[in-house]
Amino acid sequence: MNVNFGNVAENYLKYRDDIPDSLIKGLEMRGVAIAGSKVADLGAGPGLLSKMLSDRGAIVDAVEPSSELVEVGKTHIGNDQRINFTQRYAEDTGLATNSYDIVMVMRAWHWFDREGTIDEVKRILKPGGHLVIMDSGFTSASKIVKESMKIIQSYSTDKQIRPAGTKDMATQMINSFPVEWFDEWKYAKLDLMELYKMDYEVKFTNEEWVGRLSSVSWLAAFKEKQRKNTLSRISAYLEDNFPDGSHKIPHILSVAILQNKNNLQP
(Lines give C-alpha, C1' and ligand atoms only; values in the text may rest on other atoms or scores of the structure.)
Protein backbone atom coordinates (compact mmCIF):
# COMPACT_ATOMS: atom_id res chain seq x y z
CA MET A 1 0.00 0.00 0.00
CA ASN A 2 1.47 3.34 -1.10
CA VAL A 3 0.28 6.00 1.34
CA ASN A 4 1.06 9.71 1.40
CA PHE A 5 -0.38 11.10 4.62
CA GLY A 6 0.65 14.56 3.46
CA ASN A 7 -2.44 14.45 1.24
CA VAL A 8 -4.62 14.46 4.36
CA ALA A 9 -2.38 16.45 6.71
CA GLU A 10 -5.04 18.94 7.84
CA ASN A 11 -7.59 16.22 8.54
CA TYR A 12 -4.96 14.13 10.31
CA LEU A 13 -4.42 16.94 12.79
CA LYS A 14 -8.09 17.84 13.14
CA TYR A 15 -9.62 14.39 13.46
CA ARG A 16 -6.91 12.09 14.86
CA ASP A 17 -6.36 13.83 18.16
CA ASP A 18 -7.66 10.69 19.85
CA ILE A 19 -4.72 9.60 22.01
CA PRO A 20 -6.14 8.99 25.50
CA ASP A 21 -4.98 11.34 28.26
CA SER A 22 -4.25 8.30 30.41
CA LEU A 23 -1.41 7.23 28.10
CA ILE A 24 1.26 9.36 29.77
CA LYS A 25 0.14 8.42 33.28
CA GLY A 26 0.24 4.75 32.31
CA LEU A 27 3.81 5.07 31.05
CA GLU A 28 4.94 6.91 34.15
CA MET A 29 3.37 4.25 36.38
CA ARG A 30 5.49 1.69 34.54
CA GLY A 31 8.78 3.51 35.03
CA VAL A 32 8.98 5.64 31.89
CA ALA A 33 9.69 9.10 33.31
CA ILE A 34 8.43 11.83 30.98
CA ALA A 35 9.14 15.08 32.84
CA GLY A 36 12.65 16.29 32.10
CA SER A 37 13.39 13.51 29.61
CA LYS A 38 14.77 14.03 26.13
CA VAL A 39 12.46 12.24 23.72
CA ALA A 40 12.67 11.37 20.03
CA ASP A 41 9.17 11.00 18.54
CA LEU A 42 9.63 9.02 15.30
CA GLY A 43 6.94 9.25 12.64
CA ALA A 44 5.56 12.14 14.63
CA GLY A 45 2.95 13.25 12.09
CA PRO A 46 1.59 16.68 13.06
CA GLY A 47 2.97 16.39 16.60
CA LEU A 48 -0.08 15.22 18.54
CA LEU A 49 1.97 12.92 20.77
CA SER A 50 4.88 15.38 20.87
CA LYS A 51 2.58 18.06 22.31
CA MET A 52 1.30 15.69 24.99
CA LEU A 53 4.88 14.87 25.97
CA SER A 54 5.92 18.52 26.02
CA ASP A 55 2.93 19.41 28.18
CA ARG A 56 4.25 16.87 30.73
CA GLY A 57 7.73 18.45 30.73
CA ALA A 58 9.62 16.50 28.06
CA ILE A 59 12.03 17.96 25.50
CA VAL A 60 10.97 16.50 22.16
CA ASP A 61 12.54 16.06 18.74
CA ALA A 62 9.64 15.27 16.41
CA VAL A 63 10.92 13.38 13.35
CA GLU A 64 8.52 13.22 10.38
CA PRO A 65 9.28 12.69 6.66
CA SER A 66 6.19 14.44 5.25
CA SER A 67 6.76 18.15 4.63
CA GLU A 68 3.01 18.76 4.73
CA LEU A 69 2.65 17.12 8.14
CA VAL A 70 5.68 19.01 9.46
CA GLU A 71 4.19 22.35 8.40
CA VAL A 72 0.81 21.51 9.93
CA GLY A 73 2.61 20.32 13.06
CA LYS A 74 4.57 23.54 13.45
CA THR A 75 1.32 25.47 13.37
CA HIS A 76 -0.19 23.06 15.89
CA ILE A 77 2.59 23.40 18.47
CA GLY A 78 2.82 27.18 18.05
CA ASN A 79 5.59 28.72 20.14
CA ASP A 80 6.29 25.60 22.21
CA GLN A 81 10.07 25.79 22.56
CA ARG A 82 10.32 22.25 23.93
CA ILE A 83 9.43 20.71 20.54
CA ASN A 84 11.67 20.76 17.48
CA PHE A 85 10.50 19.31 14.16
CA THR A 86 12.95 17.52 11.88
CA GLN A 87 11.90 16.48 8.38
CA ARG A 88 13.74 13.17 8.21
CA TYR A 89 13.02 9.45 8.14
CA ALA A 90 13.05 7.18 11.19
CA GLU A 91 15.86 5.18 9.62
CA ASP A 92 18.06 8.27 9.30
CA THR A 93 17.03 10.88 11.85
CA GLY A 94 20.20 12.96 11.89
CA LEU A 95 19.83 13.14 15.69
CA ALA A 96 22.79 12.97 18.09
CA THR A 97 24.18 9.61 19.20
CA ASN A 98 23.41 8.28 22.71
CA SER A 99 21.39 11.41 23.53
CA TYR A 100 17.78 10.31 24.14
CA ASP A 101 16.20 8.98 27.29
CA ILE A 102 13.16 7.77 25.35
CA VAL A 103 12.33 6.97 21.74
CA MET A 104 8.59 6.87 21.04
CA VAL A 105 6.68 5.60 18.03
CA MET A 106 2.91 6.05 17.80
CA ARG A 107 1.00 4.35 14.95
CA ALA A 108 4.07 4.27 12.72
CA TRP A 109 6.38 1.28 13.34
CA HIS A 110 4.61 -0.72 10.62
CA TRP A 111 5.51 1.96 8.05
CA PHE A 112 9.24 1.92 8.82
CA ASP A 113 12.13 -0.07 7.42
CA ARG A 114 12.36 -1.92 10.72
CA GLU A 115 15.94 -3.13 10.40
CA GLY A 116 17.17 0.38 9.61
CA THR A 117 15.02 1.94 12.31
CA ILE A 118 16.21 -0.50 14.97
CA ASP A 119 19.83 0.38 14.12
CA GLU A 120 18.97 4.07 14.36
CA VAL A 121 17.15 3.64 17.67
CA LYS A 122 20.17 1.81 19.10
CA ARG A 123 22.37 4.67 17.92
CA ILE A 124 20.41 7.59 19.37
CA LEU A 125 18.98 5.95 22.53
CA LYS A 126 21.03 6.06 25.71
CA PRO A 127 22.04 2.71 27.25
CA GLY A 128 19.19 1.76 29.55
CA GLY A 129 16.84 4.17 27.79
CA HIS A 130 13.30 3.21 26.76
CA LEU A 131 11.82 2.50 23.36
CA VAL A 132 8.04 2.83 23.52
CA ILE A 133 6.06 1.51 20.56
CA MET A 134 2.34 2.20 20.52
CA ASP A 135 -0.64 1.62 18.32
CA SER A 136 -4.15 2.95 18.77
CA GLY A 137 -7.29 3.08 16.73
CA PHE A 138 -10.99 2.30 16.54
CA THR A 139 -12.28 -1.25 16.78
CA SER A 140 -15.03 -2.92 14.75
CA ALA A 141 -17.23 -3.40 17.82
CA SER A 142 -19.90 -0.89 16.74
CA LYS A 143 -22.36 -0.87 13.87
CA ILE A 144 -21.18 2.49 12.53
CA VAL A 145 -17.61 1.19 12.16
CA LYS A 146 -18.71 -2.07 10.52
CA GLU A 147 -20.90 -0.29 7.99
CA SER A 148 -18.24 2.34 7.26
CA MET A 149 -15.68 -0.41 6.60
CA LYS A 150 -18.10 -2.15 4.23
CA ILE A 151 -18.47 1.04 2.22
CA ILE A 152 -14.70 1.59 2.09
CA GLN A 153 -14.21 -2.01 1.02
CA SER A 154 -16.76 -1.63 -1.76
CA TYR A 155 -14.76 1.27 -3.23
CA SER A 156 -11.38 -0.47 -2.84
CA THR A 157 -9.80 -1.56 -6.13
CA ASP A 158 -9.46 -5.19 -5.03
CA LYS A 159 -12.50 -5.08 -2.70
CA GLN A 160 -10.22 -5.72 0.28
CA ILE A 161 -9.19 -3.79 3.39
CA ARG A 162 -5.72 -4.96 4.27
CA PRO A 163 -3.73 -4.33 7.45
CA ALA A 164 -1.58 -1.21 7.20
CA GLY A 165 2.07 -1.34 6.17
CA THR A 166 4.06 -4.43 7.09
CA LYS A 167 1.25 -5.65 9.35
CA ASP A 168 -0.17 -7.11 6.15
CA MET A 169 2.65 -9.70 6.21
CA ALA A 170 2.22 -10.73 9.86
CA THR A 171 1.62 -14.40 10.61
CA GLN A 172 0.17 -13.69 14.06
CA MET A 173 -0.62 -10.66 16.20
CA ILE A 174 0.02 -10.06 19.90
CA ASN A 175 -1.71 -6.95 21.30
CA SER A 176 -1.89 -5.41 17.80
CA PHE A 177 1.81 -6.10 17.13
CA PRO A 178 3.06 -8.73 14.64
CA VAL A 179 4.77 -11.59 16.47
CA GLU A 180 7.84 -11.15 14.24
CA TRP A 181 8.58 -7.78 15.84
CA PHE A 182 9.22 -9.34 19.23
CA ASP A 183 12.05 -11.52 17.89
CA GLU A 184 13.56 -8.51 16.10
CA TRP A 185 13.55 -6.45 19.30
CA LYS A 186 15.04 -9.28 21.34
CA TYR A 187 17.83 -9.90 18.83
CA ALA A 188 18.66 -6.16 18.92
CA LYS A 189 18.93 -6.25 22.74
CA LEU A 190 15.83 -4.12 23.10
CA ASP A 191 14.33 -6.06 25.97
CA LEU A 192 10.56 -6.12 26.41
CA MET A 193 9.74 -4.74 29.86
CA GLU A 194 5.96 -4.24 29.62
CA LEU A 195 3.23 -5.15 27.14
CA TYR A 196 -0.29 -3.93 27.80
CA LYS A 197 -3.44 -2.58 26.22
CA MET A 198 -6.40 -0.50 27.28
CA ASP A 199 -9.89 0.18 25.91
CA TYR A 200 -11.35 3.66 25.65
CA GLU A 201 -14.04 5.57 23.77
CA VAL A 202 -13.88 8.64 21.55
CA LYS A 203 -16.89 10.85 20.81
CA PHE A 204 -17.64 11.82 17.19
CA THR A 205 -20.28 13.77 15.33
CA ASN A 206 -21.16 12.59 11.82
CA GLU A 207 -18.83 15.18 10.33
CA GLU A 208 -16.00 14.24 12.69
CA TRP A 209 -16.36 10.54 11.92
CA VAL A 210 -16.12 11.19 8.19
CA GLY A 211 -13.09 13.38 8.83
CA ARG A 212 -11.51 10.64 10.95
CA LEU A 213 -12.01 8.09 8.19
CA SER A 214 -10.54 10.45 5.60
CA SER A 215 -7.17 10.20 7.36
CA VAL A 216 -6.92 6.40 7.67
CA SER A 217 -4.32 4.66 5.52
CA TRP A 218 -6.87 2.88 3.31
CA LEU A 219 -8.47 6.14 2.21
CA ALA A 220 -5.22 8.11 2.16
CA ALA A 221 -4.05 5.61 -0.48
CA PHE A 222 -7.17 6.16 -2.66
CA LYS A 223 -7.14 8.44 -5.66
CA GLU A 224 -8.85 11.75 -4.97
CA LYS A 225 -12.11 11.00 -6.84
CA GLN A 226 -12.26 7.52 -5.30
CA ARG A 227 -11.74 8.95 -1.81
CA LYS A 228 -14.33 11.70 -2.35
CA ASN A 229 -16.98 9.24 -3.57
CA THR A 230 -16.31 6.91 -0.64
CA LEU A 231 -16.65 9.66 1.95
CA SER A 232 -19.78 11.02 0.28
CA ARG A 233 -21.45 7.64 0.51
CA ILE A 234 -20.45 7.26 4.17
CA SER A 235 -21.84 10.76 4.87
CA ALA A 236 -25.15 9.81 3.24
CA TYR A 237 -25.30 6.60 5.27
CA LEU A 238 -24.74 8.53 8.50
CA GLU A 239 -27.36 11.17 7.74
CA ASP A 240 -29.91 8.51 6.86
CA ASN A 241 -29.29 6.27 9.87
CA PHE A 242 -27.89 8.58 12.57
CA PRO A 243 -29.50 12.01 12.10
CA ASP A 244 -28.61 13.04 15.65
CA GLY A 245 -24.92 12.63 14.73
CA SER A 246 -23.64 11.56 18.13
CA HIS A 247 -21.39 8.51 18.45
CA LYS A 248 -19.12 6.87 20.99
CA ILE A 249 -16.63 4.78 19.05
CA PRO A 250 -14.69 2.04 20.92
CA HIS A 251 -10.90 2.36 20.59
CA ILE A 252 -7.96 0.30 21.81
CA LEU A 253 -4.43 1.35 22.75
CA SER A 254 -1.58 -1.17 22.65
CA VAL A 255 1.81 -0.36 24.20
CA ALA A 256 5.18 -2.13 24.23
CA ILE A 257 7.85 -0.72 26.55
CA LEU A 258 11.38 -1.88 25.75
CA GLN A 259 14.73 -1.07 27.34
CA ASN A 260 18.00 -0.60 25.48
CA LYS A 261 20.41 -3.18 26.87
CA ASN A 262 23.18 -2.27 24.43
CA ASN A 263 26.42 -0.88 25.89
CA LEU A 264 25.18 -1.09 29.47
CA GLN A 265 28.01 -0.95 32.01
CA PRO A 266 28.23 -4.08 34.22
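Before moving on, here are some points about what is shown:
- Over 26 Å apart at the Cα level, from the set LYS51/LYS197; LYS167/LYS189; LYS14/LYS248; LYS25/LYS51; LYS146/LYS228; LYS126/LYS167, are LYS126/LYS167.
- Among 124-132, 24-32, the peptide with the highest mean count of other Cβ atoms within 10 Å heads the list, and the full ranking is 124-132, 24-32.
- The simple Förster model, with R0 at 22 Å and r as the Cβ-Cβ distance, assigns LYS248 and SER22 a FRET efficiency of 0.85.
- Long-range Cα-Cα pairs in the chain (distance over 22 Å), rounded percent: 57 percent
- Per-pair calculated FRET efficiency, R0 = 41 Å: SER154 and MET29 via Cβ, rounded to 0.05: 0.40
- Value of D in µm² per second that Stokes-Einstein yields for segment 212-266, Kirkwood Rh from Cα pairs, at 37 °C (0.692 mPa s): 216 µm²/s
- Prolate/oblate/rounded call for segment 38-101, Cα gyration tensor, a/c under 1.5 rounded: oblate
- Normalised by the number of residues in the chain, the mean separation of alpha-carbon contacts (under 8 Å, six or more apart) gives a relative contact order of 22 percent.
- Distance between the C-alpha centres of segment 74-100 and segment 176-199: 24 Å, rounded to the whole angstrom.
- Fully extending the segment from SER140 to ASN263, taken as 0.36 nm per residue of separation minus the present Cα-Cα distance, adds 40.0 nm.
- Surface analysis of the chain yields an accessible area of 48 Å² per residue, using protein heavy atoms and a 1.4 Å probe.
- To put it simply, the accessible area of the chain at a 1.4 Å probe is 47 percent carbon and sulfur.
- The modelled label-to-label distance for the pair ASP80/GLN226, using points 7 Å beyond Cα in the direction of Cβ, is 3.4 nm.
- Top of TYR89, TYR12, TYR196 by mean-square fluctuation, Gaussian network on the chain, Cα under 10 Å: TYR196
- All C-alpha pair distances within segment 8-151, sorted into 10 Å bins from zero, spread as 11, 42, 34, 11, 2 percent across the bins.
- With all pairs of different C-alpha atoms in the average, the Kirkwood value for the hydrodynamic radius of segment 144-266 is 17.2 Å.
- Computed FRET value (nearest 0.05) for ILE59 with LYS186, which takes r as the C-beta separation and R₀ as 30 Å: 0.55
The values are calculated or read from the model by the stated rules, or taken from the named source; none is laboratory data. Not measured: the values here are computed from a predicted model. Reconstructed Cβ throughout: ideal geometry from the backbone, glycine too, with neighbour counts over all protein chains shown. Surface areas here come from the heavy atoms of the whole protein model, side chains and all, with no ligands, DNA or RNA. Shrake-Rupley method; radii C 1.70, N 1.55, O 1.52, S 1.80 Å.
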